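The values are calculated or read from the model by the stated rules, or taken from the named source; none is laboratory data. Keep in mind it's a predicted model, so treat the numbers as computed, not measured. Because the Cβ atoms are built from the backbone with ideal geometry, glycine has one as well, and the counts that use them run over all protein chains shown. Just the protein is used for accessible areas: all its heavy atoms, side chains included, with ligands, DNA and RNA removed. Shrake-Rupley method; radii C 1.70, N 1.55, O 1.52, S 1.80 Å.
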Amino acid sequence: MPPWGPEVGVGRWRRTARAAGRAWNKRQVTTAIRLYRKAAGEAEQAAETVMLGIILNNLALALDQEGDGQGARDALRRARDLLTAAEGGAEYLGPVLRTLGGIEVELGDIDAAIASQQTALELAQTRQDAEGIARARTDLGIALKDAGCLSEARDELTAALALAAGPDLDEVKAHAFTALGLVAEKLNRPTEARERYDAALPLYEKLADDGNAATVLYNLASLHDGAGEWDAAARLLEEAQARYRRAHDARGAADGSAALASIEIARGNPARARELHEAAARGFRAGGYRRRLLDSLVDLAAIARDEGRFADGERLLAEASRLATELGDPLELHDVELHWGDLCFTAGDEAAARAHYARSAEIIRNERGRLTREDEALSFFGADRTENIDRLITLSPDDPPACVTWIERAKGQELLRRLDSTAVPHAPSWPDMRHLLERLASADPDRGLLFVHYYARDSVTVVAGLRPGQEPVLAAVEVSLAELRAATADPRHHTWPTTERLLHPLITPVTSWSAPGDRVLLCPHDTLHRFPLHAVEAGGTALGERNVVSYVPSAGVLRSCLVRREPAGNQVAVIFADADAGAPLPVARDQALALAAVLTDRRWRVRCHTGRDATLSALQADLGEAVAPRLAHFAVHGFAAPGSGLDSGLRLADGTLTARELIGTRLDGALVCLGACDTGLSERLAGDELLGLVRSALQAGAVAVLASLWPVDQLSSSLLLLDFHQRLLGGQGKADALRAAQRRLRDTPVSAVLAHLDGTRQRLAGDPRALAAASLAEARLRLAAGDAAGALAAAEHATSLGASDAAEARQAAEVRERARLATRRPQTPDYARRPFGDAEHWAPFILIGDPG
């Protein structure tokens, strides 16, 4: 940064200040410092108070570059006081305050830095100085970032970028891009961080600003280091070091040494790493740069731990903890506590390790609670910030209540915060969960109740069983997270038998902890949310046959669902079906019309929309009514968006209802039936947050969601869902109704399905498209029953109607050919066969939320 100040005034101080500026431009930092000090003395003797303040600002910049942060801060504070008191000083006070705030950030005095930058911003706004406002907002954003106020920091930095539109403010833009990159890193968004750094680097190079360009390279190296790309990180750090040296930036060079030390640790060279860190720490300590010193102390403590020097590690972490407390940066405090826990664990002091891990987890919980935007909070809780909970679960095999408390803390925290509308998410502890179970059990005292928590780790999966009135029980099953992520979750897949064998040990504890007929609430973790655990065999029969099974994202979410139970008097339903003209679902439309008729007969107020009437605008109107629906039923095409769960959606006639948009709807107390493909699939994020249609429906107020884990057949899903709703209307609870409907579907013979199709033809007699679909379904059923001649006639009838889409036409041709071949080997038809006996037909739908 060049020296700053007006070209006014006379006297020796001016000549000396110019000489200092020339030395600065030649990168003769030590000479510049000597001359600025001389100029300051001369300006003071001449009573040039304003110019003295400006010279002190430039002196501070040079001192900071040489690594004397404390000296720089002292000079700036004096400059601030002089300009505040001097006539005409207000014109130059803003830049001095911004410089002071920047130094205070480097020294770790964040509260003072924020105060300085806020005052600078207020001065610029009073003077209507657009450039000053842009610079002040950038510097304020940097200070807020280091205070952990990430949402506010992004706001300030984004606003600064919008103001810095012209080329004269390239420096402001570069600073803002760099700071936004650092914010993205704190939010666990490496791709976004890299994009920001890539935008900043050419701007610094255009400005010939080697020091700040080196800082960007340093940050990019950090991203490569985090990804395990150590050679790429080292190359960038070496280039950064060369630039720091060209800029005569002693502090930056120390930064580079500390970063290279981290690379040496990863490469297995702890001695070299210790040497680099110790040199960097000496420089940071001498210059008063507490934040950078803290990072080196933590890394030195980790080296001491790995070398068995536990006393040295304790000493280093004690100093780091003191600095972190002084700085007030929650992420630094978290890091220190996590490393201290690792040190204690390695030294064999598990009690102390638990205490440090618990403090680390609480810090992260509180910091996450400060983030106002949901997307930021979700990405913030990255995998590296769940390590403390993972360690606590590992350390709790002999304390089941503590273990289940920490498992609960690992699941669904952001959803729970949105449901409870609290400033800090509150996950139930074991006593809270025990009370919740007792409440559930009291509603049906004649049956047992079991809540099952899963937590998948690198080597084992922890299974916790919770029953009313009893202490929790734990089982460690040798099924790893990697094995689960590699397995297929779909029973239609040819590898499903292998997957079922993998999952069987996870179901075995459930059968030992429960009796047949008991209600079982499964709370999966990570990729287990994708598996139909109720379809896994347990003692010769599927778990869903043995027990009444439902699912919950966490005990806290279940608690919120129970609070939102609607009174029985609300009898409003909205139904949407067969909305995509390009991919018709005539059997699903029949399902919707049949359901509407059943509900209407029971005096429900039903708004049923099919075909071109099933629109987003109709949905918005329905959900905007004074009384929210008790039932929202969708029999439309759905899809899961891999890698972007909030983009998953339901296809309506005039567009897609995405999971992101579903959050903003009003579903207070509703049962939401997502009778479409893949509606139960969600994107997984660290911390067991799931982004998708189910989560969005729960966040919108739904008390429970019925969703599918894989693509579903129109006919079998229609039979199951209609039976499910009939049972609900008859007074059964949701989980009981689903189990009974699944068992009935599995046992339904071909003859009964054909009778249902006769009803479909009667209800949709005027629609050739629907009649063709019904005939094609009949052909498949007759072929399954061994009635080749009947199947051939039905397939030919479907083709003759000429109303099928291209996909159905191909399917009809395939069935017709299979039937023709089968007629050569005639057999006696068996209409008692069960066409939907396999899990692929009866198991896709799961109930999530309130089971009652």
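The test for being more than 19 Å from residue 379 (Cα to Cα) and either at pLDDT 95 or above or touching a Leu at 6+ places or on another chain (Cβ under 7 Å) (or both) does not hold for residue 208.
Looking at residue 834, is it open to solvent by 60 Å² or more (accessible area, probe 1.4 Å), at pLDDT 90 or above and assigned to a helix (DSSP H, G or I)?
no
Answer yes or no as to whether residue 66 is in contact (Cβ under 8 Å) with a residue 24 or more places away in the chain, in contact with a helix residue (DSSP H, G or I) (Cβ under 8 Å, 6 or more places away or on another chain) and closer than 27 Å to residue 288 by Cα. Considered against the rule, which asks whether it is in contact (Cβ under 8 Å) with a residue 24 or more places away in the chain, in contact with a helix residue (DSSP H, G or I) (Cβ under 8 Å, 6 or more places away or on another chain) and closer than 27 Å to residue 288 by Cα, residue 66 comes out as yes. Taken as a whole, the condition of being open to solvent by 30 Å² or more (accessible area, probe 1.4 Å) and outside any helix (DSSP H, G or I) applies to residue 731. From the list 563, 557, 574, 548, the one residue that fits, being of a type in the set (Val, Ile, Thr) and either free of Cβ contacts under 8 Å to residues at least 40 places away in the same chain or open to solvent by 10 Å² or more (accessible area, probe 1.4 Å) (or both), is 563. Each residue in segment 699-717 was checked for being part of a helix (DSSP H, G or I), under 34 Å from the mean Cα position of the chain (by Cα) and closer than 18 Å to residue 575 by Cα, and 2 pass. Between 174, 164, the distinction of being closer than 20 Å to residue 204 by Cβ, open to solvent by less than 10 Å² (accessible area, probe 1.4 Å) and at pLDDT 95 or above belongs to 174 only. Restricting 681, 706 to those that are out of contact with any helix residue (DSSP H, G or I) (no Cβ under 6 Å at 6 or more places or on another chain), of a type outside the set (Gly, Ala, Ser) and modelled with pLDDT of 95 or more reduces the list to 706.
Within segment 716-736, the set of residues being of a type outside the set (S, T, N, Q) and farther than 16 Å from residue 591 by Cβ comprises 730, 731, 733, 734, 735, 736.
None of 324, 304 is hydrophobic (A, V, I, L, M, F, W, C), surrounded by 17 or more Cβ atoms within 10 Å (Cβ to Cβ) and within 31 Å of the chain's Cα centre (by Cα) except 324.
Between 287, 341, the distinction of being more than 20 Å from residue 409 (Cβ to Cβ), crowded, with 17+ Cβ neighbours inside 10 Å and either touching a residue at least 24 places away in the same chain (Cβ under 8 Å) or not small (Gly, Ala, Ser) (or both) belongs to 287 only.
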